[in-house]
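Report on the following structure.
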Amino acid sequence: MDTLTPFISRKKSRQLPEEDLAVKSLTIFKEFSQMFPESITQNVLVLLKSFVYTKNDDSNTNTSKVSLRLRAHAFASLGKISLLNRELGLELLPVLAKELLTSKEDMLRNNAVLILTEFCTRYTSIGDQYMPLITACFKDKRYIIRYQTITFLVSLLQEGYLLTKNTLLFCLLSTIIDKYETIQEIGKYGLSTLIFEKKKNIFLESFTEAVFVFNHYFPSDNQGQQQTVKDMEHFAIPGEDNREKRMQIYKFMITCMEEGSRGLLVSNISRDILNSVAEGVFPLDDVVKCMVRDCFSVLVSKEIRVFDSDSLAHELEDGEDERVAKAELEIRKAMLVQPIVPVMISLKNCVLEAKSDLLSDIVLFLKEILSDYKNEIEDILADDKMLKMQVLFEMRNESNQQEKEAKEKKNKEMRNAKKSVPPASGDHIGEKTKEISAYLIRRSVCPGDGNASAAGSNDVSLRLVPQTPQNRSLSHKSSGVLGDMDTNNDINMPSTSGVGPINVKDIMYSSTPRVLLKPLKLKSPNVSKITMRVDDLDIDEV
């Protein structure tokens, strides 16, 4: 006590004990009170209260020297002692609540919420009164406070200290959209494992109320739901910009439902929200429009399917996929299309009277849920020809747009395929040009045979032909000529100067005129066809 007294003394001292030593003393008090509660005297309680209740605004005393760290440890020590002293607990509760509401210090708020959660296990009736203050910490700006609060509440829920109420349900649902995955997982565990196992229909019964809470709408026909929306004001995420967050919550609730409950959910949404709007119970303001669009998004989501077609396919025999598809369409028609269409017609009339921009959303929603029943639209929307024409028009536009996009995609792929072919390099073009030139030279040297070596074995006469290089374009040569080329052999011709053999390629690409020995083939005479006259013979007479 001598270590702590100087910090709260009215007499201003020049030198105070080290803060670490004071923190150790407070920790000893906290642990010692649990082992020997009778040893905690009134003087100790007064000393601890002085740390908790002090305000650091009196510069004439040492209380201005009480740091935030010391106050936080004093809160923890006094909270541990109050678990064994009911009167002290009742005295401390308002102080803790005030710190949670007004304090900007993270350490104080953290210790205050931990003490309050401990009170819920020790004094159940007292803790329930302050449960809204505890759950408000789910929206605290500090991750550590949010994490510890939800961890302690899930533990209390698991141990049975908390009742499963709608307010607690909505608080846990808000953790699904937390930016930290650890908090999301703890919240989902508490919802799907602890709450859902105790009450199977809780998500079905609370779904429409969740739409009111997260859109922050007070339904005029239900006083109880109005009070819930007011209590949960801190957890509301209204507006068009937050629809994706709300949809995460809705989809999680639907996935936790049983398959039979999903069919009932369609009826609840249609009766409690859409029909109330169509009948004018809920005026068409911005919040109501946002709720209606939320309902449309829920009803067209894949999570609300009455059954999973994949699971049904396993139950049927092989080759019965067509039966699975037909069964799904029939069930969806009975559970979704038939109950919704009459309400949509009434809602359309209400929207037209109010001159609201919600009409386009109604048409797009009907187009989406009727996309698998194109051949039955005439019968389904027979009661409203105008709405039928609008839905069919949107379907045709969508079909044309899809065809256009498919065509553009195909053209883009063809252009990319052409771009992916690498252009021929300069070296490659040069080599091909030489090969074509060599082939043409061989054909000119030996017209009967493209092989130069075969020409040397024939009996031919030679003549000298002056040959100069010709700059001919090789792009007009036929593909058949290119196919017969021998690209591996060079042609060497004998030199007239006797210096050495001349490469034909060098001749073709040289600027100096050369003389080529070009073989000249002569036809052999056909002796059998020679005729002679006697007069043509020059014979000496004997």
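The values are calculated or read from the model by the stated rules, or taken from the named source; none is laboratory data. Small disclaimer: the values here were computed from a predicted structure and weren't measured. No Cβ is skipped: glycine too gets one built from the backbone with ideal geometry, and neighbour counts run over all protein chains shown.
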Residue list for region 209-231, filter: in a helix (DSSP H, G or I), among the polar types (S, T, N, Q) and more than 13 Å from Arg246 (Cβ to Cβ)
Gln223, Gln225, Gln226, Gln227, Thr228
Hits in region 232-247 (condition: surrounded by 15 or more Cβ atoms within 10 Å (Cβ to Cβ), part of a helix (DSSP H, G or I) and not basic (Lys, Arg))
Phe235, Asn242, Met247
Selection within region 126-152 - part of a loop (DSSP other than H, G, I, E, B) and not hydroxyl-bearing (Ser, Thr, Tyr)
Asp140, Lys141, Arg142
Regarding Ile269, is this residue crowded, with 20+ Cβ neighbours inside 10 Å and either in contact with a Pro (Cβ under 9 Å, 6 or more places away or on another chain) or not hydroxyl-bearing (Ser, Thr, Tyr) (or both)?
yes
Residue check for Ser155: outside any loop (DSSP other than H, G, I, E, B) and in contact (Cβ under 8 Å) with a residue 12 or more places away in the chain
no
Could you figure out which of (1) surrounded by 15 or more Cβ atoms within 10 Å (Cβ to Cβ); (2) at pLDDT below 90; (3) more than 22 Å from Val211 (Cβ to Cβ); (4) basic (Lys, Arg) isn't true of Lys374?
(1)
Answer with yes or no whether Ser206 is without any contact (Cβ under 8 Å) to a residue 60 or more places away in the chain, closer than 24 Å to Asn242 by Cα and small (Gly, Ala, Ser).
yes
Output for Cβ contacts, cut-off 6 Å, separation at least six or different chains, first residue within 14 Å of Ser77 (Cβ to Cβ) in region 29-42, second in a loop (DSSP other than H, G, I, E, B), reads Ser33/Ile40; Pro37/Leu84
Does Leu347 count as under 18 Å from Ser276 (Cβ atoms), out of contact with any His (no Cβ under 8 Å at 6 or more places or on another chain), at pLDDT 90 or above and not polar (S, T, N, Q)?
yes
Could you tell me whether region 54-71 includes any residue that is at pLDDT 80 or above and of a type outside the set (A, V, I, L, M)?
yes
Could you list all residues from region 161-202 that are polar (S, T, N, Q) and outside any helix (DSSP H, G or I)?
Thr164, Asn201
Can you spot a residue in region 184-194 that is without any contact (Cβ under 8 Å) to a residue 40 or more places away in the chain and either farther than 20 Å from Thr255 by Cα or aromatic (Phe, Trp, Tyr) (or both)?
yes
Residues satisfying the stated conditions in region 147-179, i.e. modelled with pLDDT of 90 or more and acidic (Asp, Glu)
Asp178
Within region 32-44, residues assigned to a helix (DSSP H, G or I), buried (at least 16 other Cβ atoms within 10 Å of the Cβ) and more than 55 Å from the chain's Cα centre (by Cα) come out as Val44
Could you check, for region 131-141, whether at least one of its residues is surrounded by fewer than 22 Cβ atoms within 10 Å (Cβ to Cβ), of a type in the set (Gly, Ala, Ser) and farther than 14 Å from Tyr53 by Cβ?
yes
Residue check, Leu352 in a helix (DSSP H, G or I) and surrounded by 15 or more Cβ atoms within 10 Å (Cβ to Cβ):
no
